[in-house]
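Just below is one structure, and these are the notes that go with it.
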Amino acid sequence: MESKPLVSIITVCRNSQTYIRYAIESVLNQGYPHIEYIIVDGNSTDETLAIIQEYEPKFQGRMRWISEPDQGIYDAMNKGIKLAKGEIIGILNSDDWYSAIAVEKVVALFLSDTNIGLVHGRLANYNNQGKLDSVYGKRLSRFSFAEQTPFSHPTCFVRKTVYDSIGLFDVQFRTASDYDFMLRVYGSETIKIVYLDELVTNFRKTGVTSSMRISPIVQIFRLLRKNKYIFSYIIIGIVYRLTRDIIKIALVSMKLEVVIKFRRRWSRLHEKV
């Protein structure tokens, strides 16, 4: 690896005018200078392309973008990876943003050990109101990975050689291919994974997978089997998700019931007035 390797950052988007500026600005403002920025747009019909074109000159030749139909978010990510020229690849969602020193810190780790294949770090979660909700750090063990992803994908930076060796995202998992990819990385005996105990990425709970009310259970079952999890682990993972989803639905129902009761009382008060 060169002393100052090229880092390719990929953002996939479609009708992302609300937040994409934050993602672009966070790449533009990185302290590490050797970055190429690739944006893969899925034929946006809002102002997304105008915003991309507005920022393109500011990258001084370091931005490339395409806009065309795709077969989903992971197909778009695969397009970006194929276009990438960098030795290290990061994928930044169009509604997320990197911390100012993210790339610099990540590259330093890669340079410290040429055997490192993937670096991941802390993820800050922001709710729909833009308030900090939680911070995720290092995950636990292979056992727990039946219940959750091995690492927070938005924080991951991967050597391009890793994609060459284990393949790109499997588009059959339309909303969980990142989970499948991470399990493949974790299951490899040759890919070294390192955790960076720094905030790497700020994540908005507004994306495709975040907006789903329930987990894609069938996909999870298939990808756990594909990655050779024993049946008992798969059952534990499925039960965990089903329980979590039932709780989510129950909480939503409770909130709706409270809102309905409040509106009824409010209406009655106004009727009396």
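Cβ separations smaller than 6 Å between residues 6+ apart or across chains give the following pairs from segment 179-195 residues that are within 12 Å of SER165 (Cα to Cα) to residues that are part of a helix (DSSP H, G or I) and of a type in the set (Val, Ile, Thr): ARG184/ILE166; ILE191/VAL162; ILE191/VAL185. Considering the conditions (1) under 20 Å from the mean Cα position of the chain (by Cα); (2) farther than 24 Å from THR206 by Cβ; (3) small (Gly, Ala, Ser), GLY72 is excluded by exactly one of them, (2). Does SER94 satisfy the criteria of being of a type in the set (Gly, Ala, Ser), in a loop (DSSP other than H, G, I, E, B), under 17 Å from the mean Cα position of the chain (by Cα) and at pLDDT 95 or above? Criteria met by SER94. Counting residues in segment 104-115 that are touching a residue at least 24 places away in the same chain (Cβ under 8 Å) and small (Gly, Ala, Ser) gives zero. Pick from segment 163-190 the residues that are closer than 28 Å to SER134 by Cβ and among the β-branched types (Val, Ile, Thr): which of them is nearest to the chain's Cα centre (by Cα)? Ranking the qualifying residues of segment 163-190, first place goes to THR175. The residue list LYS79, LYS85 contains one member that is of a type outside the set (A, V, I, L, M), assigned by TED's automatic domain parsing to the domain that holds ASP164 and farther than 21 Å from TYR32 by Cα, which is LYS79.
Return the residue satisfying two criteria in turn: it lies in segment 28-65 and is β-branched (Val, Ile, Thr) and in contact with a Gly (Cβ under 9 Å, 6 or more places away or on another chain), and of such residues it is farthest from SER94 (Cα to Cα). Steps first, answer last, please.
Here is the first cut: in segment 28-65, the residues β-branched (Val, Ile, Thr) are 35, 38-40, 45, 48, 51-52.
Subsequent filtering for residues that are in contact with a Gly (Cβ under 9 Å, 6 or more places away or on another chain) retains 35, 38-40.
Working: ILE35: 17, ILE38: 12, ILE39: 9, VAL40: 10 Å.
Result: ILE35.
Only one of (1) over 15 Å from GLY86 (Cβ atoms); (2) more than 16 Å from the chain's Cα centre (by Cα); (3) among the basic types (Lys, Arg) fails for ARG14. Which number is that? Only one criterion in (1) over 15 Å from GLY86 (Cβ atoms); (2) more than 16 Å from the chain's Cα centre (by Cα); (3) among the basic types (Lys, Arg) is unmet by ARG14, namely (2).
Scanning segment 80-91 for residues being assigned to a loop (DSSP other than H, G, I, E, B) and over 10 Å from ILE10 (Cβ atoms) gives a total of 2.
The single condition among (1) over 19 Å from VAL103 (Cβ atoms); (2) assigned to a helix (DSSP H, G or I) that THR45 does not meet is (2).
The values are calculated or read from the model by the stated rules, or taken from the named source; none is laboratory data. Just so you know, these numbers come straight off a predicted model, no measurement behind them. Here Cβ is always computed from backbone atoms with ideal geometry, including for glycine, and neighbour counts include all displayed protein chains.
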